[in-house]
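The values are calculated or read from the model by the stated rules, or taken from the named source; none is laboratory data. Note that the coordinates shown come from a computational prediction; the quantities given were computed from them, not determined experimentally. Glycine also receives a Cβ, built like all others from the backbone with ideal geometry; neighbour counts cover every protein chain displayed. For accessibility, only protein heavy atoms count, side chains too; no ligands or nucleic acids. Shrake-Rupley method; radii C 1.70, N 1.55, O 1.52, S 1.80 Å.
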Amino acid sequence: MASLVFPLLAFFFMATASAGNFYQEFDITWGDGRGKILDNGQLLTLNLDKASGSGFQSKNEYLFGKIDMQLKLVPGNSAGTVTAYYLSSQGPTHDEIDFEFLGNLSGEPYTLHTNVFTQGKGNREMQFHLWFNPTEDFHTYSILWNPEHVIFMVDGTPIRDFKNMESKGVAFPKSQPMRIYSSLWNADDWATQGGRVKTDWTKAPFTASYRNFNADACIWSSGTSSCNSQKSDWWNQELDSTGQERMRWAQENYMIYNYCTDLKRFPQGLPPECSIA
């Protein structure tokens, strides 16, 4: 696997968040017991049945960082289900960085849906299939978020790089602290083949599993950042030529939708960031 300009950090600043167990880092926020923290805080599971899904959120808010989580997705016939894993601020002009995993019929690939919201505006969807079965084992889904880039990665391979294009009039998420959220829920009105395939409740409960959370990130608290005086290596990092090559490989072989090529959706012209390499 080609390397990126994201070397493993030899140390963590004491002011930043680092690996911890789920009891310390997250709260189960809904689901009436369908979300569970297990194995002394090393494993978290979300469940969905016909009555309800479930979800959790981070105790901390972050303003920039490198966030890693390992997920194992709902196996078998997962049609109609969505496992969402994302960063988000609050309010009508919120920022958001999304991974969403759209289930499918047994034997069909999951759709990995990515999006970036800035100042309440989204509509920046890129969708992928994966080069492995995400239900058979845990895989690492990462977000690197610094003042110049939002980079989505799967097992260390970059699949998308949303760059800071404020000079071109494109808003960038850089001033609103965000929490980490995840949920497993029923979206069979749209999630699988545009809603044509519904959830098969005889397969319930559906389960998604999480482990090995790590945040080398700036914690935001009481209006100040833990990284004001010291910043980790990721603060100025971007993809090197090898990382760019790996991203091209992922996009050329596994991307199934790119809003920047959807001329029918944008008859007045593509969004400005689409014309910038």
* **Residue list for the range 149-162, filter: buried (at least 17 other Cβ atoms within 10 Å of the Cβ), farther than 12 Å from GLY243 by Cα and either without any contact (Cβ under 8 Å) to a residue 40 or more places away in the chain or not hydrophobic (A, V, I, L, M, F, W, C) (or both)** => HIS149
* Asked: Which one is modelled with the lowest pLDDT among residues in the range 191-211 that are among the hydrophobic types (A, V, I, L, M, F, W, C), open to solvent by less than 30 Å² (accessible area, probe 1.4 Å) and not in a strand (DSSP E or B)?
  -> ALA191
* To do: Among residues belonging to the range 243-277 that are small (Gly, Ala, Ser) and open to solvent by 70 Å² or more (accessible area, probe 1.4 Å), point out the one that is nearest to ILE159 (Cα to Cα).
  => ALA277
* Structure fact -> Checking GLN57, GLN70 in turn, the sole residue that is open to solvent by 40 Å² or more (accessible area, probe 1.4 Å) and either part of a strand (DSSP E or B) or free of Cβ contacts under 8 Å to residues at least 12 places away in the same chain (or both) turns out to be GLN57
* Which one of these is closer than 23 Å to ASN60 by Cβ, assigned to a loop (DSSP other than H, G, I, E, B) and hydrophobic (A, V, I, L, M, F, W, C): PHE117, PHE152, PHE172, PHE162? -> PHE172
* Six or more apart or on different chains, Cβ under 7 Å: which pairs go from a residue in the range 104-116 that's among the aliphatic types (A, V, I, L, M) to one that's part of a strand (DSSP E or B) and open to solvent by less than 20 Å² (accessible area, probe 1.4 Å)? Could you list them? => LEU112/PHE99; LEU112/PHE101; LEU112/PHE128; VAL116/ILE97; VAL116/VAL150; VAL116/PHE162
* Residues in the range 80-92: is at least one touching a His at 6+ places or on another chain (Cβ under 9 Å) and polar (S, T, N, Q)? -> yes
* Is it true that THR202 is farther than 21 Å from THR261 by Cβ and touching a Gly at 6+ places or on another chain (Cβ under 6 Å)? -> no
* Could you please tell me which pairs satisfy a Cβ distance under 6 Å, a separation of 6+ or placement on different chains, a first residue in the range 130-145 that is farther than 22 Å from GLN176 by Cβ, and a second residue that is in a strand (DSSP E or B) and among the polar types (S, T, N, Q)? => PHE138/GLN70; THR140/GLN70
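If a residue has to be of a type in the set (Asp, Glu) and either in contact with an Asp or Glu (Cβ under 9 Å, 6 or more places away or on another chain) or within 23 Å of GLY103 (Cβ to Cβ) (or both) to count, how many in the range 32-78 make the cut? Show your work before the answer.
In the first step, residues of the range 32-78 are kept if they are of a type in the set (Asp, Glu); the result is 32, 39, 49, 61, 68.
From what's left, either in contact with an Asp or Glu (Cβ under 9 Å, 6 or more places away or on another chain) or within 23 Å of GLY103 (Cβ to Cβ) (or both): 32, 49, 68.
Residues meeting the conditions: 3.
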* To do: With respect to ASN40, determine if the residue is farther than 30 Å from SER222 by Cβ, more than 17 Å from the chain's Cα centre (by Cα) and open to solvent by 30 Å² or more (accessible area, probe 1.4 Å).
  => yes
* Residue in the range 212-242 that is nearest to LEU144 (Cα to Cα), counting only those that are part of a helix (DSSP H, G or I) and either modelled with pLDDT under 95 or open to solvent by less than 80 Å² (accessible area, probe 1.4 Å) (or both) -> TRP234
